[in-house]
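The values are calculated or read from the model by the stated rules, or taken from the named source; none is laboratory data. Given the structure is predicted, the values throughout are model-derived calculations rather than measurements. Positions of Cβ are backbone-derived with ideal geometry, glycine not excepted, and every protein chain shown enters the neighbour counts.
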Amino acid sequence: MAKMDREADVPLFDLVGCLSEVIDLVSPAVSDHHKRVAYIALGIASEQGAPIEQQHNVMLAGMVHDIGALSLADRLHNLSFEITHPDEHAERGWLLLKSFESFSTIADLVRYHHHWWGEGGTVGEGERAPLGSHVLHLADRVSVLIDKEQEILGQVQGICGQIKEQSGRMFAPQLVDAFLGLAAREYFWLDSVSPSLGSLLAQKAKSVTLRLNTELLLGLAKLFSRIIDFRSRFTATHSSGVAACAEALSRLAGLSDKECIMMRIAGYLHDLGKLGVPIEILEKPGPLTPEERNLIRVHTYHSYRILQDIHELDDINFWASSHHERLDGTGYPFHLDSRDLLLANRIMAVADTFTAVIEDRPYRKGMAKDQALQLLQSMALSRALDPNVVSLLASNFDEVDSCRVAAQAEVVGEYEDFRTHVSGGEPRSTATRLPRRSRASVSARS
C-alpha cells in the first residue's frame, strides 16, 4: 500500500521547492521571487568561486528565505528595497527551518539574510553573519529591483547603479564585484525572468539529494505543518490534531505500523495548499463570501499538484489531498467517489472533519462530544463520510480524542515559544496565547 518501504534518494531541491511554490501562490506580486533570489544567489556564489556545497546551500536558502513572512502583507513589505524591521520574518524563518536537522545550514543563512555588511559583520555575542547570508541579501535586493512588467535588459544599468551605490554599506564589496561581473552577461538576466526558471534551478541542483527514510520524512512533515499552521493562532495546532487522529484511527482499523506512520505524515501535510490562502481569510470571524470560499476550496488541489513530482510521496499525497472528497462523488477537487477512495482516504476525511468540528473556529466554539458525533453521523448518512470509519471513531472516541489532545498540547507549547522568541520576550498579548485545554483555538476552515 505505502511506497516508502525503503529509503530513497529524493532531490533536496524538490522538497524545498514544494514550500517555495505554495507560498508564492498567495499573490502574483510575489510569484517566483523565491526562485529568482535562489538563481541570483547561486550565480553570485559561483562567480565569486565559492565551493559547490556553499553554492547549493545559498540556492536552497534562497528558495525559502522569506518562509517566516507569515502573511501577504509581510511578503509585499519585503519587496521594498530598504525595509523596516526585517529581522522579525528572518528570525521566524530560522526558527521554523532549524527544527529539521537537514535544513540547519540553510536556516542559519536565512536568519541573517537582511543583515547589512556595513553593520560590522557581527550579529550579537561576537557571532558573525555567514557570508552566504550576505549573498542572499544582495540577491534578494537585486530581485526586488526587477520590474516584471518591463523588458529586463533595459533595466540592467539602473539596477547595477543602485547596487553599486550600496557597496560597503548594505552589501559586501567583493559580492557586489561578483554580481557586476555576472550582470554583464545577458543570459543571466534573461534566465532570471524566464518562465522556465524552476527547471533551470532543478538542473543545477540535481546532484543534491537527501536519503529519505521514514524518520526523516516524519521530521520534514512536522516542519511543513508548523509552517502551514503557525501563521495564525487559529490554525496553530490543526495539522498536528489531524495527524494524531489519522494515526489513531488507522491503528484501530488494522493498518500496519508503517501505514499508520505514513497516515500521520499525510495528516501533517493535508493542508499544505493553505499556505496560498491569505491569512485574513483564515482568521475571518464571520461567514465567507463565495469568492473567499473558492479560495479555500483550491487548497487541496494545490497540495496535490505541488507534491505530485515527488513520486516517493505518491500514496501520502493521495491520502492527504483527498480529505474533502465524498463517497457520493460531490466532494472536491477531483470528485472522486466510493470506487476511488481507499480506506486511508476515508480515514483522513473523518480525521480532518472530526478535528475541525471539535476545535474552536474564529466564529464559533468547538462542538461538544455528542454534538460532534451527531454531525459526523449525519455526514455519514449523506455519504459525505464513510459510515464504518465514523462508527469506529464513535466506539473509540475517548482514545482517539486523547491522542488529539496530547498532540495539540505539545504544539501549543512550541507555538507559544515561537511567538515569544520572535517578539523578544513575553508574548505580545494574551490574545496570541493558545489556551491549554482540550479544544485548542484553531481554525476549522478545512
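Out of (1) part of a helix (DSSP H, G or I); (2) of a type outside the set (Val, Ile, Thr); (3) under 27 Å from the mean Cα position of the chain (by Cα), the odd one out for residue 366 is which?
Single failed check for residue 366: (1).
Taking the options 380, 368, name whichever one is in contact with a Pro (Cβ under 6 Å, 6 or more places away or on another chain), without any contact (Cβ under 8 Å) to a residue 12 or more places away in the chain and more than 18 Å from residue 268 (Cα to Cα).
380
Go through the residues of region 361-373 one by one and say whether even a single one is polar (S, T, N, Q), modelled with pLDDT under 85 and surrounded by fewer than 20 Cβ atoms within 10 Å (Cβ to Cβ).
No, the conditions are met nowhere in region 361-373.
Could you tell me whether residue 199 is closer than 17 Å to residue 32 by Cβ and either under 17 Å from the mean Cα position of the chain (by Cα) or buried (at least 18 other Cβ atoms within 10 Å of the Cβ) (or both)?
For residue 199, the condition - closer than 17 Å to residue 32 by Cβ and either under 17 Å from the mean Cα position of the chain (by Cα) or buried (at least 18 other Cβ atoms within 10 Å of the Cβ) (or both) - is not met.
Is there a residue in region 184-193 that is modelled with pLDDT of 90 or more, within 12 Å of residue 44 (Cα to Cα) and in the same structural domain as residue 130 (by TED's automatic domain parsing)?
Yes, region 184-193 has at least one match.
Return the residues of region 304-320 that are crowded, with 18+ Cβ neighbours inside 10 Å and in contact with a strand residue (DSSP E or B) (Cβ under 9 Å, 6 or more places away or on another chain); say none if nothing qualifies.
Passing the criteria: 310, 313.
Residue-by-condition table, conditions (1) polar (S, T, N, Q); (2) on the phi > 0 side of the Ramachandran plot; (3) free of Cβ contacts under 8 Å to residues at least 60 places away in the same chain:
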{"position": "163", "(1), (2), (3)": "no, no, yes"}
{"position": "176", "(1), (2), (3)": "no, no, yes"}
{"position": "179", "(1), (2), (3)": "no, no, no"}
{"position": "184", "(1), (2), (3)": "no, no, yes"}
{"position": "192", "(1), (2), (3)": "yes, no, no"}
{"position": "212", "(1), (2), (3)": "no, no, no"}
{"position": "222", "(1), (2), (3)": "no, no, no"}
{"position": "230", "(1), (2), (3)": "no, no, no"}
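Would you point out which residue out of 286, 267 is of a type in the set (Gly, Ala, Ser) and farther than 17 Å from residue 389 by Cα?
Result of the check over 286, 267: 286.
Given the conditions (1) out of contact with any Pro (no Cβ under 9 Å at 6 or more places or on another chain); (2) under 20 Å from residue 227 (Cα atoms), which single one is not true for residue 312?
Status for residue 312: all satisfied but (2).
Kindly establish whether residue 324 is assigned to a loop (DSSP other than H, G, I, E, B) and modelled with pLDDT of 90 or more.
yes
In region 248-268, which residues are polar (S, T, N, Q) and closer than 18 Å to residue 321 by Cβ?
250
Looking at 248, 236 in this structure, which one is closer than 22 Å to residue 342 by Cβ and touching a residue at least 12 places away in the same chain (Cβ under 8 Å)?
Going through 248, 236 in turn, just one is closer than 22 Å to residue 342 by Cβ and touching a residue at least 12 places away in the same chain (Cβ under 8 Å): 248.
Would you mention how many residues in region 340-385 are more than 21 Å from residue 399 (Cβ to Cβ) and of a type in the set (D, E, K, R)?
6
Counting only residues that are part of a helix (DSSP H, G or I), within 19 Å of the chain's Cα centre (by Cα) and among the polar types (S, T, N, Q), which one in region 230-285 is surrounded by the most Cβ atoms within 10 Å (Cβ to Cβ)?
Checking each candidate, the answer is 239.
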